[in-house]
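Below you'll find the structure, written out as structure tokens, and then a few comments.
The values are calculated or read from the model by the stated rules, or taken from the named source; none is laboratory data. Please read all numbers here as calculations on a predicted model, not as lab measurements. Don't worry about glycine lacking a Cβ; one is built from the backbone with ideal geometry, like all the others, and counts go over all protein chains shown.
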Amino acid sequence: MKVNLKIGMIVLILLAASPHAWGAVPGDLNGDNIVSQEELLIAENLANMGNITADQLEEIQHIHDDYPRTFIDNSGKSITINKPIRKIILLNADCAEVFRCLGIKNIIGVDSYIAKDSIFFPELSKLTEVGSSFHPDCEAILTLDPDIVIAYTGVKEEDLDDKIEAADIPIARFSACKVPTRDDQLRTLGYIFNEEDKAEELVKFYHNITDPIISTLKNASSAKKSKVYIECYSDFKARNGRSGTQEMCAMAGGMNIAEDLDLSGQGTTSQVDPEWIVAQNPDIIIKVVSGSEVSCGYDEDDTAEMMSLRDAIMNRPGFDNITAVKENRVYLITPDICDRSCNVIGVAYMAKWFHPDLFKDLDPQAIHQEYLTRFQGLDYDLSKHGVFVYPEES
């Protein structure tokens, strides 16, 4: 539908007088959420007449040139963004970390986990808290009037969809911690927020770590795959083939003994019996530890609790018959470098644990430090602070 130039100019003059009345998309006159060439011409004329500001014209020009943008989130849902996103609600700590890598700062509300993490998220922790990741406070979200809500893929709460999407606020779900889909999701996030170059830089950084590991293992004919038992948080909960840790283990040259367990459902862990673990006789045991279970991560400098938990695992009844225990190859790792998109750091540690002779020169802590300094912009010295693996050396 064409817009009469004179009528359009009158409408835009009225809109310029009341910025709140611009509507869904600045510069859009016919309600199709798109700034056409004709509507852009009207805006340019208004700017020349002094009826709208140069900043308003620049925004309208940007919308005309770069929007709408349509993308597919990790749940398979198609979402269209018609204008730049100015206000973001984050219910996803992994994406919060990615957003900082990409320089995205228009965040107005966060989940309770992010709000409590003042060490790693010093600025985000000061923002309005809107409930937990899996049980968000929809009323608090609506009060903040965001342009988009970023949630975990696994968050399927109907109340969130019903209340938030009913208010014309899109909910995009992402899970950038699984290696097979990570690159695509990072690029999608870069596309959504017009930060494609930074997304590519991050993807390249990750591949500069893992590609040499993969190449080294491929070219090492003597590299035998170690059998690995990966336990997640609770005792005897094994991470199976659907978990993000599965690909990490394979990439580092290991073979997850629980890879084929319970693959008919949707869960990423499988309950196992201690006797099953003993019978499988893994060469290596990795425990993904929870901060609620032991003191670890960015706000801890003492390894005492990690050491105590490792001792408890090695002293489980019957575990003295397992090769991993006999050879002292039991390791603990935190979600910070295992369950986030930066899990390539965890891959580097695993590669050293699985194949110490092949990766003598690999320095996971140096990789971690570069990530924190270069991409996270944190003044954090890993030589003095933090507990992320135990023991560190293989």
* Filtered residues of region 195-210 (kept if farther than 13 Å from Ile104 by Cβ and either in contact (Cβ under 8 Å) with a residue 40 or more places away in the chain or of a type in the set (A, V, I, L, M) (or both)) -> Val203, Phe205, Tyr206, Ile209, Thr210
* Asked: Quick check, is Ile230 touching a strand residue (DSSP E or B) at 6+ places or on another chain (Cβ under 7 Å), outside any helix (DSSP H, G or I) and assigned by TED's automatic domain parsing to the domain that holds Cys138?
  -> no
* Asked: List pairs: first in region 355-377 and more than 15 Å from Val387 (Cα to Cα), second of a type in the set (S, T, N, Q) and modelled with pLDDT of 95 or more, Cβ under 6 Å, 6+ apart or cross-chain?
  -> Leu358/Thr216
* Structure fact -> Pairing a residue in region 265-285 that is of a type in the set (Val, Ile, Thr) with any residue that is exposed (fewer than 15 other Cβ atoms within 10 Å of the Cβ) and modelled with pLDDT of 95 or more, where Cβ atoms lie under 7 Å and the two sit 6 or more apart in sequence or on different chains, gives Val278/Gly318; Val278/Asn321
* To do: Would you confirm whether any residue within region 316-327 is touching a strand residue (DSSP E or B) at 6+ places or on another chain (Cβ under 7 Å), surrounded by fewer than 24 Cβ atoms within 10 Å (Cβ to Cβ) and in the same structural domain as Ser215 (by TED's automatic domain parsing)?
  => yes
* Give region 134-157 a look and list any residue that's aliphatic (A, V, I, L, M), buried (at least 19 other Cβ atoms within 10 Å of the Cβ) and not in a loop (DSSP other than H, G, I, E, B), or say none. => Ile141, Ile148, Val149, Ile150, Ala151
* **Selection count, region 185-207, where residues are at pLDDT below 95 and either over 18 Å from Thr80 (Cβ atoms) or in a helix (DSSP H, G or I) (or both)** => 1
* **Test result for Ile52, at pLDDT 95 or above and either in contact with a Gly (Cβ under 8 Å, 6 or more places away or on another chain) or surrounded by 18 or more Cβ atoms within 10 Å (Cβ to Cβ) (or both)** => no
* **Out of Asp339, Asp379, Asp299, sole residue that is outside any helix (DSSP H, G or I) and exposed (fewer than 14 other Cβ atoms within 10 Å of the Cβ)** => Asp379
* Residues located in region 94-133, provided they are outside any helix (DSSP H, G or I) and β-branched (Val, Ile, Thr) -> Ile104, Ile107, Ile108, Val110, Ile119, Thr128, Val130
